[in-house]
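Input: a single structure, listed below in C-alpha cells.
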Amino acid sequence: MIPLITASGLSVRHGDAEVLSQVDFTIAPGEIVTVVGPNGSGKSTLIRALIGLEPMASGTVTRREDLVIGYVPQKLHIDPSLPMTVRRFLSLPRRVDDASAEAALLRTGVPGLGGRQIARLSGGQFQRVLLARALLARPDILILDEPTQGLDQPGTAAFYKLIEEVRGETGSAVLMVSHDLHVVMSASDRVICLNGHVCCAGTPRVVSEAPEYRALFGLGTGGAFALYRHVHDHDHEADEGHGHDPSAPHCAHPHSHEHDHA
Ligand SMILES: Nc1ncnc2c1ncn2[C@@H]1O[C@H](COP(=O)(O)OP(=O)(O)OP(=O)(O)O)[C@@H](O)[C@H]1O
C-alpha cells in the first residue's frame, strides 16, 4: 500500500537550534498515528514539516500524489470582535452547500449550530466545528494538532471516540498530536514518542513499555501528572543545541536520577 506521507532523515532548524533531528516517519491509509512528547519537543514542527509548511534543513518528505489533507492547527486565532457564524466559517476557504455543512455538523455531534457566532462556542463545540470543517474537504488524512486541548476528560474521550468513528466511516487516516496519554494509548494504532528526535515508536503497547517512553512520562500512563514526573537519565551535553525546552524531560542516556516537576 502506498503511504500517504513519508519522511526520511527530516531535520528542521530554527536559527541555531536543531528542533528536529533525523526523523523518519510514515503513515499508511486508514491508520491512526499519535505523536506524543514533552512541551517544545518538536511535535507541531513535525506536523508542519510533513504538510510542507515548515522549511527543512535536511531530509525528504514525500506526500502521495493528489493527497487531500484536512488540517486543524494547534492555534487558530479568530478575532472575537469579528462577526462570523459557524455556517460562514465552514465555507472558508471553500464554499460548501447548506446540506453538506449541516451533515458535517451532525456528524461531529454539534447539529444546528450553523447560526451561532464562532466566538460564543464552548471549547468542545469549537473543536467539533473545526473537525467538521476539516471533514468537508473529504480528506485522505486528518491532521489534528492537540485537538482536545482545553477539553475535560469526558470531552476528550468523546472526541477520540468520534475520531475513531470518522475513521471507520470514511477510511481517512488520522495524525494527531496529543498530551492525553491514557486516551492516546487506547485509541491509536501507532504512537510516536518525540523529543527532538524519535525516542521510540510502535504500537501503543510497545511504546508504553519502552524504556525511552517511561523515561519521559514515568512508569504509568497516568495522564497529565505523568508528564511532569520522569526518570531524568540523560547526558546534558549530548543534548546541547537540540533547541527544545531545556526544562523538559529528555530521552534515555546513561546516568540516572529522578525528578518531580509537579
Ligand atoms: N517559528 C519559530 N521560530 C523559532 N523557534 C521556534 C518556532 N517554532 C517553534 N520553535 C521552537 O521549536 C521548538 C519546538 O516547538 P514545537 O511547537 O514544535 O514544540 P511542541 O512539541 O509542539 O510543543 P508543545 O507541546 O508545547 O505544543 C521549541 O523550542 C520552540 O520554541
In segment 190-207, how many residues are more than 10 Å from Val33 (Cα to Cα) and buried (at least 24 other Cβ atoms within 10 Å of the Cβ)? 5
Among the numbered conditions (1) touching a Ser or Thr at 6+ places or on another chain (Cβ under 6 Å); (2) under 13 Å from Leu194 (Cα atoms); (3) more than 8 Å from the ligand (Cβ to nearest atom), tell me where Val36 comes up short. (1)
Would segment 13-21 turn up any residue that is more than 14 Å from the ligand (Cβ to nearest atom), surrounded by 15 or more Cβ atoms within 10 Å (Cβ to Cβ) and over 18 Å from Asp145 (Cβ atoms)? no
Conditions (1) within 18 Å of Ser186 (Cα to Cα); (2) surrounded by fewer than 22 Cβ atoms within 10 Å (Cβ to Cβ); (3) of a type outside the set (A, V, I, L, M): number failed by Phe159: (2)
Is it the case that segment 164-174 has a residue that's crowded, with 17+ Cβ neighbours inside 10 Å and within 18 Å of Gly42 (Cα to Cα)? no
Enumerate the strands (runs of 3 or more DSSP E) found wholly within segment 8-66, keeping only those where 2 or more residues are within 16 Å of the chain's Cα centre (by Cα) and free of Cβ contacts under 8 Å to residues at least 40 places away in the same chain. none
Scanning for something among the hydroxyl-bearing types (Ser, Thr, Tyr) and near the ligand (Cβ under 9 Å from one of its atoms), does segment 46-61 turn up at least one residue? no
Of Leu92, Leu162, the only residue that is assigned to a helix (DSSP H, G or I) and either in contact (Cβ under 8 Å) with a residue 24 or more places away in the chain or not charged (D, E, K, R) (or both) is Leu162
Which condition breaks for Val33 when tested against (1) over 25 Å from Ala201 (Cβ atoms); (2) out of contact with any helix residue (DSSP H, G or I) (no Cβ under 9 Å at 6 or more places or on another chain)? (1)
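Where a number appears in this text, it was derived from the coordinates with a stated rule and is not lab data. Worth saying up front: this structure is predicted, and the values here are computed from it rather than measured. We place every Cβ from the backbone using ideal geometry, glycine too, and count neighbours over all the protein chains shown.
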